[in-house]
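The values are calculated or read from the model by the stated rules, or taken from the named source; none is laboratory data. What you see is a predicted model; the values in this text were computed from it and never measured. Ideal geometry is used to build each Cβ from the backbone, glycine not excepted, and the neighbour counts take in all protein chains shown.
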Amino acid sequence: MRPGLRVFLGVALAMALIFPAVLVTADEQTKTITTRNIATFDDPTTYGNWIVQGSKYASAGFPQMQLVKSWPEALYGFNTDNKPLYALGIHGRFDRKSYNYIEIIPAAKDSSGKLAPSALPLPGRVQSINMWIWGANYNFWLDAYIRDYQGIDHVLHMGSIMFPGWRNLSATVSSAIPQSRTYIPRYAGLVLTKLVLWTAPDEKVDDFYLFVDEINIITDLFESRFDGEQLADPVTLNNLWQQGTK
C-alpha cells in the first residue's frame, strides 16, 4: 500500500472513531444557563418561614428577626413606584466576644403546625449562589450551607461583610459537589439548609444589625431527554407500579 493512501486511511479511521463519540456526548454538554430567585422577602405572609438562632453567648431574647421596609437601591433605585419591597432584618446581641454565630434557617410548619427547618431546593445544576447583604462595617463574615443528594453538607464562603450598606455577595459551587448520579434519575439537586453569620473573636458584638435580600442562583436547567423518561420520575413510577397488574 502506498504511504499516501496509508495516511489517508489512518486519518479516516480516526475521524470515524472521534465523531460518533462527539455526537453521543454533545447533548450532555448542552447548557441552559439562567438565574432563579430562591428567596425574596417582599411578601409579609411568607417571611415567617425562617428561624434565627444564636450560639451559646447570645443575649437573652436574641437574635431577633423581622421584615424591614428596605431594599438595595442598585436593584430597585428609589422605588418610585412604591412597590412593597422588604428585607429580612436580623438584630444580634452577644454577652461576650468569641467566634459567635447566628444561623438563619429556612423553615416550614410541620404536621403539628410547629415551625421546623425545611431546606430550600435549588433547581438545576447550580453554578453559583448570590444574595444582597446590608453590612455595618463589622468584622463579620457569612457562609451558606448546601446539602447534596447523599446528605453531605458543603460550606460556601460568601465572604466578609465588613462594609457599609448593601452589597451583592456571591460564591461559586464547586464542580466536585455532586449534582447528578450515574443511574436514572440522573438529576440530584442541591438544597440550601442555612446561612451562618460569624463574628470575629475581637469584634464588638453587643448590638448590631444585618439585612438580607434576594437570594438567587445561577444554574443550568438543561436535562437530556430520552424515551421512557416518565418512568424516571419517582412519583409517576410509584403510581404506575401501584396500578400495575401482578
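For region 73-109, which residues satisfy the criterion of being under 26 Å from the mean Cα position of the chain (by Cα), among the hydrophobic types (A, V, I, L, M, F, W, C) and part of a loop (DSSP other than H, G, I, E, B)? Correct list: L85 only. Under the condition of being closer than 30 Å to L156 by Cβ, exposed (fewer than 14 other Cβ atoms within 10 Å of the Cβ) and modelled with pLDDT under 95, the residues counted in region 202-234 number 4.
Filter region 196-246 for residues that are of a type in the set (G, A, S) and out of contact with any helix residue (DSSP H, G or I) (no Cβ under 7 Å at 6 or more places or on another chain); which is nearest to K56 (Cα to Cα)? If you could, list the steps in order and put the result at the bottom.
Taking region 196-246 and keeping what is of a type in the set (G, A, S), we get 200, 224, 228, 232, 244.
Subset that is out of contact with any helix residue (DSSP H, G or I) (no Cβ under 7 Å at 6 or more places or on another chain): 200, 228, 232, 244.
Values: A200: 15, G228: 53, A232: 45, G244: 55 Å.
Per the criteria, the residue is A200.
Restricting region 128-143 to residues that are surrounded by 15 or more Cβ atoms within 10 Å (Cβ to Cβ) and touching a Ser or Thr at 6+ places or on another chain (Cβ under 6 Å) leaves a set whose member that is farthest from S160 (Cα to Cα) is N130.
For region 179-195, indicate whether the set of residues that are within 17 Å of A144 (Cβ to Cβ), at pLDDT below 95 and either in contact with a His (Cβ under 8 Å, 6 or more places away or on another chain) or crowded, with 18+ Cβ neighbours inside 10 Å (or both) is non-empty. Even if it seems obvious, please write down each step before you answer.
The initial filter retains those residues of region 179-195 that are within 17 Å of A144 (Cβ to Cβ), namely 179, 189-195.
Next, from what is left, pick out any that are at pLDDT below 95: 179, 189.
After this cut, where a residue has to be either in contact with a His (Cβ under 8 Å, 6 or more places away or on another chain) or crowded, with 18+ Cβ neighbours inside 10 Å (or both) as well, the list is 179.
Taking every residue of region 179-195 in turn, at least one turns out to be within 17 Å of A144 (Cβ to Cβ), at pLDDT below 95 and either in contact with a His (Cβ under 8 Å, 6 or more places away or on another chain) or crowded, with 18+ Cβ neighbours inside 10 Å (or both).
The rows are residues; the columns are (1) under 21 Å from S170 (Cβ atoms); (2) of a type in the set (S, T, Y).
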| position | (1), (2) |
| --- | --- |
| H91 | no, no |
| S112 | no, yes |
| P123 | yes, no |
| S128 | yes, yes |
| Y145 | yes, yes |
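The residue that is nearest to R167 (Cα to Cα), among those in region 216-246 that are in contact with a Pro (Cβ under 9 Å, 6 or more places away or on another chain) and in a loop (DSSP other than H, G, I, E, B), is L221. Only one of the numbered conditions (1) of a type outside the set (S, T, Y); (2) over 18 Å from L210 (Cβ atoms); (3) out of contact with any Ser or Thr (no Cβ under 8 Å at 6 or more places or on another chain); (4) in contact (Cβ under 8 Å) with a residue 24 or more places away in the chain is violated by I33, and that is (3).
Please specify each residue of region 110-128 satisfying the condition of being small (G, A, S), touching an Asp or Glu at 6+ places or on another chain (Cβ under 9 Å) and not in a loop (DSSP other than H, G, I, E, B). Can you show your working first?
Let us first name the residues in region 110-128 that are small (G, A, S), namely 111-113, 116, 118-119, 124, 128.
Filter once more, keeping what is touching an Asp or Glu at 6+ places or on another chain (Cβ under 9 Å): 116, 118, 124.
Listed by number, the list holds a single entry, A116.
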